[in-house]
Amino acid sequence: MFRKMRRSKQELSQEECRDILTNEPRGVLALLGDYDYPYALPMSHVYVDGKIYFHGAMTGHKSDAVKKHEKVSYCVMDEGVLNDDGWSYTFRSVIVFGKIRTLTDKDEKIDRLTYLGDKFFPTHDETVKEINKLIDKTEVFEITIDHMSGKIVEEN
């Protein structure tokens, strides 16, 4: 169903893809937005138990798009390494195709928000404080991965 990579020599292993999803903080989420236009937005995420999680407001374009169409794509790339020529980079990227849903169970939301907060806040106490303050105003989204591929790009 999903295409194979055209440049298979650049393909990353599934383990390398998971490493990028785990360690990189941000990616770009692509949804089917208003009037069936693509809607892509930068997101901070956490990768836990083979799924991708992020949070957002309970209303707005993203929330509406998630309700309208469950199929999404998510792209993450590492910061890359500057090559010896001083201007080009070698970088790795991952593209995920999957289905998105909004979590509705409060305990599940808190659990996933805790993973998110612990990735980005300096202390766990700050994570708990923010969750308690904003839990009733926050959506938590989950991507179940149907297909994942990654590649290394060496610019020359």
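Values as computed for the structure displayed
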{"read-out": "Size of charge dipole - the chain - debye, nearest 20, with Cβ of Lys, Arg +1 and Asp, Glu -1, no other charges", "value": "600 debye"}
{"read-out": "Protection proxy ranking, peptides 14-20, 2-8, 100-106, average beta carbon neighbours within 10 Å, highest first", "value": "14-20, 100-106, 2-8"}
{"read-out": "For segment 58-130, size of Cβ-based charge dipole, Lys and Arg +1, Asp and Glu -1, in debye", "value": "600 debye"}
{"read-out": "Contour excess over end-to-end distance, with Cα ends at Tyr35 and Glu79 and 0.36 nm allotted per residue", "value": "12.5 nm"}
{"read-out": "q = 0.18, 0.22 Å⁻¹: log10 I(q)/I(0) that the Debye formula gives for segment 37-117, counting C-alpha atoms only", "value": "-0.87, -1.16"}
{"read-out": "Kirkwood hydrodynamic radius of segment 98-142, Cα pairs, Å", "value": "10.8 Å"}
{"read-out": "Positive-end residue, segment 1-137 charge dipole about Cα centroid, Cβ charges, pick of Val46, Asn83, Ser73", "value": "Ser73"}
{"read-out": "Cut-off 17 Å, label 7 Å out along Cα→Cβ of Gln14, residues of segment 89-126 by amide N", "value": "94-99"}
{"read-out": "Relative contact order %, the chain, counting alpha carbon pairs below 8 Å whose residues are six or more apart", "value": "30 percent"}
{"read-out": "Pairwise centroid distance, computed over Cα atoms, of segment 84-156 with segment 10-47, Å", "value": "9 Å"}
{"read-out": "Computed [θ] at 222 nm, deg cm²/dmol, the chain (DSSP H ≥ 4; -39,500 (n - 2.57); rounded to nearest 500)", "value": "-8500 deg cm²/dmol"}
{"read-out": "Amide N proximity, segment 107-146 versus Phe2 label position 7 Å along Cα-to-Cβ, cut-off under 15 Å", "value": "143-146"}
{"read-out": "Shape call, segment 1-54: gyration tensor on alpha carbons, a/c limit 1.5", "value": "oblate"}
{"read-out": "Where labels lie 7 Å past Cα in the beta-carbon direction, separation of Lys71 and Thr123 in nm", "value": "4.7 nm"}
{"read-out": "Calculated over the chain: convex hull of Cα atoms, volume per residue (Å³)", "value": "141 Å³"}
{"read-out": "Residue-normalised accessible area of the chain, expressed per residue, 1.4 Å probe, Å²", "value": "63 Å²"}
{"read-out": "Long-range amide H partners of Val48 with built H, under 5 Å", "value": "Tyr53"}
{"read-out": "At most 10 other Cβ within 10 Å, DSSP loop - chymotrypsin sites (Phe, Trp or Tyr not before Pro), segment 86-137", "value": "Trp87"}
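The values are calculated or read from the model by the stated rules, or taken from the named source; none is laboratory data. Here the structure is a predicted model, which is why all the values come from computation and not from measurement. All Cβ positions, glycine included, derive from the backbone under ideal geometry; neighbour counts span all protein chains shown. Quick note on the areas: whole protein, heavy atoms, side chains included, nothing else; ligands and nucleic acids left out. Shrake-Rupley method; radii C 1.70, N 1.55, O 1.52, S 1.80 Å.
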